[in-house]
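S.K.: Structure in structure tokens, see below.
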């Protein structure tokens, strides 16, 4: 059987990489949902979502030559803000492809953290095509919002914190957009109760 691209060890390495650079968000009990139900409060994370976890993990892997080229990605909002935040923290330039009609608040957040925002894409279907064009033109390093093992490992640190806070957790319900968070949490949860 071929090994999965992201292991529990990768998630633990990501946790060490980002330690002290982001908030350790709380896992709060929620009796409204039922007994022994909890919510992981990632809205309290820097930039308001889990996304900086994956971004900072990826940025830490860049060579000096790659850092000098700057970074690029596509996002409707949360990854855009996280990339801009992470790039500013690392002293890198960032370019984010958003689409016309994307949230003004999300665009303003990305710009507020220092990103250059490209709005040439007319809608969500065009974003990745525009991203490919600009990646080729600019030579910037792609920090994919979900389809990158390092980004997935970084997102998986959410799962490690859940396991620390609720060690006997049986089910973790994860919202799914691109799948990076759910893949990361699954990778961190996998083998959680076996020796590493």
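Computed from the coordinates by the stated procedures, all read-outs in this text should not be read as laboratory data. Just so you know, these numbers come straight off a predicted model, no measurement behind them. Here the Cβ positions follow ideal geometry from the backbone for every residue, glycine too, while neighbour counts run over all protein chains shown.
S.K.: Which order, highest average first, do 128-134, 45-51, 171-177 follow once you tally other Cβ atoms within 10 Å for each residue and take the mean per peptide?
M.R.: With the highest mean Cβ count within 10 Å placed first, the list reads 45-51, 128-134, 171-177.
S.K.: Could you compute how fast the range 1-106 diffuses translationally, taking Rh as the Kirkwood radius over C-alpha pairs and applying Stokes-Einstein at 10 °C with viscosity 1.306 mPa s? Give it in µm² per second.
M.R.: 101
S.K.: Cα extents of the range 52-142 along the three principal axes, largest first, in whole Å?
M.R.: 34, 26, 18
S.K.: Still on this model: At 0.36 nm per residue, minus the direct Cα-Cα distance, what do residue 64 and residue 16 gain on full extension? Give it in nm, one decimal, please.
M.R.: 15.2 nm
S.K.: Take the chain, connect every pair of alpha-carbon atoms lying under 10 Å apart with a spring to form a Gaussian network, then pick out the residue of 74, 183, 102 with the largest mean-square fluctuation.
M.R.: 102
S.K.: With a cut-off of 8 Å between alpha carbons and a minimum separation of six or more residues, what is the relative contact order of the range 38-107 in percent?
M.R.: Computed over the range 38-107, the figure is 32 percent.
S.K.: By how many nm would the segment from residue 165 to residue 9 lengthen if fully extended, with 0.36 nm per residue of separation less the alpha-carbon distance?
M.R.: 54.3 nm
S.K.: Name the residue, out of 126, 168, 118, whose mean-square fluctuation peaks in a Gaussian network model built on the chain with Cα pairs under 10 Å.
M.R.: 168
S.K.: Now for a separate question. As a test of understanding, state the convex hull volume per residue of the range 103-191 from its alpha carbons, in Å³.
M.R.: Dividing the Cα hull volume of the range 103-191 by its residue count gives 135 Å³.
S.K.: Run lengths n ≥ 4 of DSSP H only: what is the helix-derived mean residue ellipticity at 222 nm for the chain, with -39500 (n - 2.57) per run over all residues, to the nearest 500?
M.R.: Calculated from helices alone, the mean residue ellipticity at 222 nm is -12500 deg cm²/dmol.
S.K.: Also, I was wondering about something else. Compute the relative contact order of the chain as a whole-number percentage, counting only Cα pairs closer than 8 Å that sit 6 or more residues apart in sequence.
M.R.: Relative CO of the chain lands at 25 percent.
S.K.: Quick check: pseudo-label points 7 Å beyond the Cα along Cα→Cβ at residue 119 and residue 38, how many nm apart are they?
M.R.: 4.2
S.K.: Something else now. Output the Cα-based Rg and Dmax of the chain in Å, rounding Rg to one decimal and Dmax to a whole number.
M.R.: That works out to 17.1, 54 Å for Rg and Dmax.
S.K.: Report, in cubic angstrom per residue, the convex hull volume of the C-alpha atoms of the range 25-84.
M.R.: Cα convex hull per residue, to the nearest whole number: 91 Å³.
S.K.: With just the Cα atoms defining each centre, how far is the range 136-155 from the range 35-93? Give it in Å.
M.R.: 10
S.K.: With springs connecting C-alpha atoms under 10 Å apart, model the chain as a Gaussian network and identify which of 115, 15, 88 has the largest mean-square fluctuation.
M.R.: Greatest mean-square fluctuation among the candidates belongs to 88.
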